[in-house]
1. Hey, what angle do you get for helix 270-305 against the long axis of the chain, alpha-carbon based, 0 to 90 degrees rounded to 10?
2. Mind listing the Cα extents of the range 97-203 along all three principal axes, in Å, largest one first?
3. Zone of ILE25 (label point 7 Å along Cα→Cβ, backbone N under 16 Å): which residues in the range 75-89?
4. Normalised by the residues of the chain, what does the relative contact order come to in percent, with Cα pairs under 8 Å and at least six apart?
5. Once label points are set 7 Å from the Cα along Cα→Cβ at both ASP190 and ILE216, what is their separation, rounded to one decimal in nm?
6. Can you work out D for the range 171-306 in µm² s⁻¹ from Stokes-Einstein, where Rh is the Kirkwood radius over C-alpha pairs, the temperature is 25 °C and the viscosity is 0.890 mPa s?
7. Å³ per residue of the Cα convex hull, for the range 225-264?
8. Find, to one decimal place in angstroms, the Kirkwood hydrodynamic radius of the range 161-248, where the mean of 1/r is taken over every pair of different Cα atoms and then inverted.
Amino acid sequence: MTFFLEKQCETRSGLAPEYLIPWYIIGITAIICAATLVLIAFLGPIGQETIQYRTSQSCVWQIAGQDLTNLVLIAPILLIGGILCLARRASSKYLLILTPITLMYTGLSMGIGQEWSNLAYSGNVEDYWWLFGILVIGGLILLIGSLSMFTEADVPDFKPRGLRIYVCLMTVFFLLFAAMWIFEIQQVTDTGDTPNGSYKSAPTAFWAIRYLDLGISIPLGFLALFLMLSKPKKAYSILLLFFGFFITIGTSVDMIGIVQVLNGDTEVAKEGLFIFPIITLFSYGGLFYLVKDKIHRGIVKSSDNQ
């Protein structure tokens, strides 16, 4: 996809002249964030296990799933995007804009989601707070920087045929996602725990994820669907940002589920094993809808040049 976007956008002047953050800062930040994700994975449960997280075994397996996604998907996107940005390639923005919200979400959830007050858990994760801080700060820089790279000239012509059906189906699964978390919260307030015992083993992680999802992830989903129907051209860069978040965080959640199942984790959210992969699949479809026009033009331009 990067190749075809490059064919469509390539120019030595590269990024839009109105960008708010210098191109070299954006590129370096992306590479630093990629290196940070790789380092966290290397030091974490799938690597040297140097970082000892203050949380339950189930959450450690979830962190392992997150680290795997960082290695195979998010870090490569950041590395390639950062290199293209430093080379002044306009196509870099289509990669970099996929990552900012996920970086901030990951840094915050890993930092505040530890069971700090539970003496039953020991660890040294606090010694590595700066790694998670880099993700939050880097995500903020990339958020402002990548959004400012886009201009009106980047907006493709949208063909709304079938879009309403897509939005309706996506809305249903976002509602199921929200209902699943709200139902678990209601169980906790009524009984003091979830049926699989995940709340009592890691209450801080439970609330951190529920607040982030119900307060950020799901509202962003509904907002993205609204903008996709109402103002796709005006909100083009924001839609790319939102759907980048959905595919990266969705892939992470799917990988987390796989790792939990492979380890026989009894705390896995069984409903999520059905809901999250479908949301991820729809998210990839939504992102493709946003960039397919540029990919098609890139293919045609490439063929004409041969």
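The values are calculated or read from the model by the stated rules, or taken from the named source; none is laboratory data. These numbers were taken from a predicted model, which means no experiment stands behind them. No Cβ is skipped: glycine too gets one built from the backbone with ideal geometry, and neighbour counts run over all protein chains shown. Surface accessibility is based on the protein's heavy atoms, side chains included, excluding ligands, DNA and RNA. Shrake-Rupley method; radii C 1.70, N 1.55, O 1.52, S 1.80 Å.
1. Once rounded, one gets 20 degrees.
2. Principal-axis extents of the Cα atoms in the range 97-203, largest first: 56, 36, 15 Å.
3. Counting only backbone N, you get 86.
4. Relative contact order, the chain: 28 percent.
5. 3.0
6. On the way: Rh = 16.8 Å.
It comes out at roughly 146 µm²/s.
7. 47
8. Details: mean 1/r = 0.0689 Å⁻¹.
It works out to 14.5 Å.
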